[in-house]
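The structure appears right after this line, and notes come after that.
The values are calculated or read from the model by the stated rules, or taken from the named source; none is laboratory data. Note that the structure is a prediction, hence the values are computed from the model and not measured. Ideal geometry is used to build each Cβ from the backbone, glycine not excepted, and the neighbour counts take in all protein chains shown. Calculation scope for accessible area: heavy atoms of the full protein, side chains included, ligands and nucleic acids excluded. Shrake-Rupley method; radii C 1.70, N 1.55, O 1.52, S 1.80 Å.
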Amino acid sequence: MKNKKTIMYKNVLVMFFDTVSRAHFLRKMPKTIKFLNKFSKYEKNTFKKKLNIFQYFKFHSLNTFTDPNLKAAYYGATLYGNGTHFANFFKKNGFIIGRANNYCEKETCINLRNPKALIHALWDHEGLSIGCIKEFYDEKFTHKLSSLVKKCLFGKDINEYILEYLESFWTVYLEQYKLFLFQSLDGHEPTGELIGHFDSIFYNFLNRFYSNGWLKDTVIIIFSDHGNHLNGPLYLLNSQDFYFERSLPSLFMAIPNHEELYINNLYEIIKSNQQTFITPFDIYNTLLYLSNKDNYTNIRVPYGDSLFNRINYKIRYCNSPLYKLKNKILINSGSCSCKIRN
């Protein structure tokens, strides 16, 4: 690391769950929520807390399918715009970068009109092999991208192998600055039940991470792109709850306690953003901030800001000029759940 003073936190862990609304995360991941709740309650003397968990109640998807949301969160790009993967900024600043999926896919986001518009990351380590085993990826009974079958290998859920890879990465580079991206497709299936099998696995993983002391210098961002958009009973019944959940995905951020959190009231700034309209562009800018906070203003992208900055809630809503591009609103108006009420 050339200049450690420019980095607030040593490690960043990004964990993406496809198609999991905030409500569904609370519904199907009770053990994980129990862990997160231990560190999300407000305490009078917050400096005594070892870890701070923030959840963003008005995190809103840009559209009801993956690409617009992950292009914004990973590349800071609009659907057909240009962008650079956030991991490149970490690598440029001396971080070791790794990733692992529980599904087989080289790049999550592909610009269909201009493949060269997106600058992908050149990862130092990639754990992709298990998800590409033919028996897992090309099942006879379900579609490969919407599988409702739990995938196991030698009596273990394949997610356990993926998280073991993550932990091995962490152990090997324990003293180095590092970034890791974990991606799960378990939520992308019509029943809404499969993600519940991951609860105990994820809960145990977080507890191990905490017990090992690895959370003392690691920021974790847990997020989804949108809620369930597959053809389930709520969709067929034209349920209002279905449309709300589809537009309001999960977003949690875990931040280790640090004296810098209380300089210039930073803790209160981050806390206040929990009730502000947030989009995937804000995730991208937050990651750029974490890659080099001293250079953040030079590399940030439009349409969003870092969650470490106070966000002006008065200009945040679906059809805000903030999300306008060539007279077109970037957020799908048909799926807008956070609206200004007269």
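Within the range 315-322, identify whether any single residue is open to solvent by 80 Å² or more (accessible area, probe 1.4 Å), modelled with pLDDT under 90 and either part of a loop (DSSP other than H, G, I, E, B) or within 28 Å of LEU51 (Cβ to Cβ) (or both), and answer yes or no.
Yes: one or more hits.
Only one of (1) under 27 Å from GLY192 (Cα atoms); (2) modelled with pLDDT of 90 or more; (3) open to solvent by less than 10 Å² (accessible area, probe 1.4 Å) is not met by ILE97, so which one is it?
(1)
Report yes if TYR267 is more than 15 Å from the chain's Cα centre (by Cα), loosely packed, with under 15 Cβ neighbours inside 10 Å and touching a residue at least 24 places away in the same chain (Cβ under 8 Å), otherwise no.
No; evaluated as a whole, the condition is false for this residue.
Looking only at residues in the range 145-196 that are open to solvent by less than 60 Å² (accessible area, probe 1.4 Å), closer than 20 Å to LYS91 by Cβ and not aliphatic (A, V, I, L, M), which one is farthest from the chain's Cα centre (by Cα)?
Applying the filter and picking the extreme gives TYR173.
Picking from ALA23, ALA87, ALA73, which residue would you name as being in contact with an Asp or Glu (Cβ under 9 Å, 6 or more places away or on another chain), of a type in the set (A, V, I, L, M), surrounded by 21 or more Cβ atoms within 10 Å (Cβ to Cβ) and in a helix (DSSP H, G or I)?
Values: ALA23 fails: surrounded by 21 or more Cβ atoms within 10 Å (Cβ to Cβ); ALA87 fails: in contact with an Asp or Glu (Cβ under 9 Å, 6 or more places away or on another chain).
Checking each option against the conditions leaves just ALA73.
Tell me which residues, restricted to the range 323-342, are among the hydroxyl-bearing types (Ser, Thr, Tyr), surrounded by 16 or more Cβ atoms within 10 Å (Cβ to Cβ) and at pLDDT below 85.
Within the range 323-342, SER335, SER337 qualify.
Residues of the range 278-309 being open to solvent by less than 10 Å² (accessible area, probe 1.4 Å), farther than 18 Å from ASN11 by Cβ, touching a strand residue (DSSP E or B) at 6+ places or on another chain (Cβ under 9 Å) and of a type outside the set (S, T, N, Q), which ones?
ILE278, PRO280, ASP282, TYR284, GLY304
For the structure I just gave you, tell me whether PHE205 is in contact with a Leu (Cβ under 6 Å, 6 or more places away or on another chain), under 26 Å from GLY155 (Cα atoms), touching a residue at least 12 places away in the same chain (Cβ under 8 Å) and open to solvent by less than 40 Å² (accessible area, probe 1.4 Å).
Details: in contact with a Leu (Cβ under 6 Å, 6 or more places away or on another chain): yes; under 26 Å from GLY155 (Cα atoms): yes; touching a residue at least 12 places away in the same chain (Cβ under 8 Å): yes; open to solvent by less than 40 Å² (accessible area, probe 1.4 Å): yes.
Taking the combined requirement at face value, the residue satisfies it.
Any idea which of (1) without any contact (Cβ under 8 Å) to a residue 60 or more places away in the chain; (2) over 30 Å from LEU261 (Cα atoms) is the one HIS85 doesn't satisfy?
HIS85 satisfies every listed condition except (2).
Taking the residues in the range 278-314 that are among the aliphatic types (A, V, I, L, M) and closer than 23 Å to ARG22 by Cβ as candidates, determine which candidate is farthest from the chain's Cα centre (by Cα).
ILE311
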